[in-house]
Amino acid sequence: MRSIKFLIVPLLLISIGLSAQNRTVTQEELDYDYLSHKYEHLDENFKIHISSEKFQSIVEQHRFIPERIEEWKDSISVVTMGEFNNWHKCRIATGHITYSFKRLAYHLWITESKAKKLCEKYNVEHTYRFYAYMKQPEKWDGSMKKRMLKLRKKVAKASSNPDVLTMTNKMFLKQAWRSSPERIKDFEKLHKERHAERKAKNRHQNPR
């Protein structure tokens with residue numbers, strides 16, 4: 001449950017202001033190398049080193065919802081917002097930093113262990129670096145080209161959508177994610193667990 005929630009819950013804890021919602025993210029914000037940034041409160045392995053007082057001040061300043069800060073990813077969001085003071089950079093940086101083997105496995109329709117071995121094969125230290133490689137077909141080696149073509153055929157068959165074979169790489173990666181059998185199963189499991197939790201909470205709050 002924790003690993004699934006950690007991967008798929010977006011930044012719901014953030015109470016984003018209207019100005020941040022309406023402003024279009026810039027190319028500079030998208031292209032910035034958030035994994036190489038020297039963070040004040042994150043070490044090279046993205047472990048958090050911050051005092052409780054400083055952390056709480058960021059939570060209050062940017063109106064995070066304390067009850068929803070439960071996982072490492074939630075805390076990373078607080079730290080990156082304190083670092084950049086920019087909701088777009090916070091969201092993107094958090095997504096890059098917390099991109100996991102599980103997410104990579106969803107994209108490639110493989111297991112987490114195989115995703116880890118794939119990163120090791122390509123000497124990729126951070127999982128998001130491999131995802132960035134997936135988004136640049138002009139840089140693929142022969143093995144990657146074969147893998148992605150095989151995946152296209154598999155996704156096209158499973159989704160009954162022949163357009164998968166000809167759509168752009170960007171669109172294909174989105175389709176592969178949406179159609180991932182393992183992702184769908186995990187999301188359904190999480191939905192049922194949340195539904196059960198809400199029912200239990202309501203029973204506790206409104207006993208008959």
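The values are calculated or read from the model by the stated rules, or taken from the named source; none is laboratory data. As the structure is a computational prediction, the values presented were derived from the model and not from experiment. As a convention, Cβ positions derive from the backbone with ideal geometry for all residues, glycine included, and neighbour counts pool all protein chains shown. With ligands, DNA and RNA removed, areas are computed over all heavy atoms of the protein, side chains included. Shrake-Rupley method; radii C 1.70, N 1.55, O 1.52, S 1.80 Å.
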Only one of the listed values, [x] 18.0, 59; [y] 19.2, 65; [z] 18.0, 68, was derived from the coordinates as Rg and Dmax of the Cα atoms in Å; which label is it?
[y]
With a cap of 11 neighbouring Cβ atoms within 10 Å, and only residues DSSP puts in a loop, list the trypsin sites (Lys or Arg not before Pro) found in the stretch 38-113.
38, 47, 63
Roughly speaking, to the nearest percent, how much of the stretch 76-208's 1.4 Å accessible area is carbon and sulfur?
51
Which angle from 0 to 90°, rounded to the nearest 10, does the C-alpha axis of helix 169-179 make with the longest principal axis of the chain?
70
Okay, which of the stretch 80-101 sit inside 13 Å, backbone N to the point 7 Å along the Cα-Cβ direction of residue 184?
none
Report the local net charge at residue 113: Lys and Arg +1, Asp and Glu -1, summed over other residues whose C-beta lies under 15 Å from its C-beta.
+3
Averaged per residue, what accessible surface does the chain expose to a 1.4 Å probe, in Å²?
63
What FRET efficiency do you get for residue 37 and residue 69 if R0 is 22 Å and r is their Cβ-Cβ distance, rounded to the nearest 0.05?
0.55
Dividing the mean separation of Cα pairs under 8 Å (6+ apart) by the residue count of the chain yields a relative contact order in percent of 19
Ignoring everything except DSSP H segments at least 4 long, calculate the 222 nm mean residue ellipticity for the chain; use -39,500 (n - 2.57) per segment, divide by total residues, nearest 500.
-19000 deg cm²/dmol
